[in-house]
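Just below is one structure, and these are the notes that go with it.
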Amino acid sequence: GNTRLSWYSDLIQKSSQINHYEGKKLRGSLYFFEPFYQLMRQTLWAEQMVRHNSTEYFQAEDYIHVHVVPADNKDLLDTSYPQPGGTMEDTWRSVFKDQNKYKIIDPKSLFSLIDKKYESLVDYLANRYWNRIQ
């Protein structure tokens with residue numbers, strides 16, 4: 001609770017991408033509950049990389065937050081969240097300002113673009129991450 005709030009409050013308040021809440025509203029907000037906690041952290045990290053690109057090892061001028069989720073992961077994708085309401089994607093998009101910066105992609109689609117010489121890697125990832133969600 002308090003530690004996470006102290007780590008992230010200022011970054012959330014200064015974020016150009018995720019909506020912030022005034023004062024006590026940030027405490028107990030969706031940003032501090034999974035899966036939104038990880039999405040918030042990833043977004044803030046990307047923003048900081050862009051903001052400080054002159055001192056970062058990997059220099060970036062912009063970003064797209066790509067969320068790789070198997071389409072069959074109904075437990076994650078179809079869970080309904082009470083505030084503000086809707087699926088995981090609907091809920092996250094409701095606090096995400098530039099909708100073009102957030103993309104959900106199924107790993108099967110993502111990895112279908114990988115060269116055949118990496119087929120063993122794709123097979124490993126498929127068995128490890130999305131074939132188990134049947």
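The values are calculated or read from the model by the stated rules, or taken from the named source; none is laboratory data. This one's a predicted model, so the numbers in the text were calculated from it and none came from an experiment. Positions of Cβ are backbone-derived with ideal geometry, glycine not excepted, and every protein chain shown enters the neighbour counts. Side chains included, ligands, DNA and RNA excluded: accessible areas come from the protein's heavy atoms. Shrake-Rupley method; radii C 1.70, N 1.55, O 1.52, S 1.80 Å.
Roughly how many percent of the accessible protein surface of the stretch 42-134 is carbon and sulfur, given a 1.4 Å probe and a whole-percent answer?
52
The packing ranking of peptides 114-127, 6-19, highest mean first, is 6-19, 114-127, where packing means the average number of other beta carbon atoms within 10 angstrom of each residue. Angle of helix 2-14 to the longest C-alpha principal axis of the chain, folded into 0 to 90 degrees and rounded to 10: 90°.
Selection among Y129, Y102, I114 by position relative to the dipole of the stretch 90-134 gives Y102 as farthest towards the positive end (Cβ unit charges, Cα centre).
In square nanometres, what is one fourth of the surface area of the convex hull spanned by the alpha carbons of the chain? Here the figure is 10.0 nm², rounded to one decimal. Protein heavy-atom accessible surface, 1.4 Å probe, per residue over the chain: 66 Å².
Summarising the amide proton neighbourhood of Y102: residues at separation of 5 or more, or on other chains, whose placed amide H is nearer than 5 Å comprise H65. Full extension of the chain segment joining N2 with A126 gains 40.8 nm, where the gain is 0.36 nm per residue of separation less the Cα-Cα distance. Cα centroids of the stretch 1-48 and the stretch 78-134: 21 Å apart.
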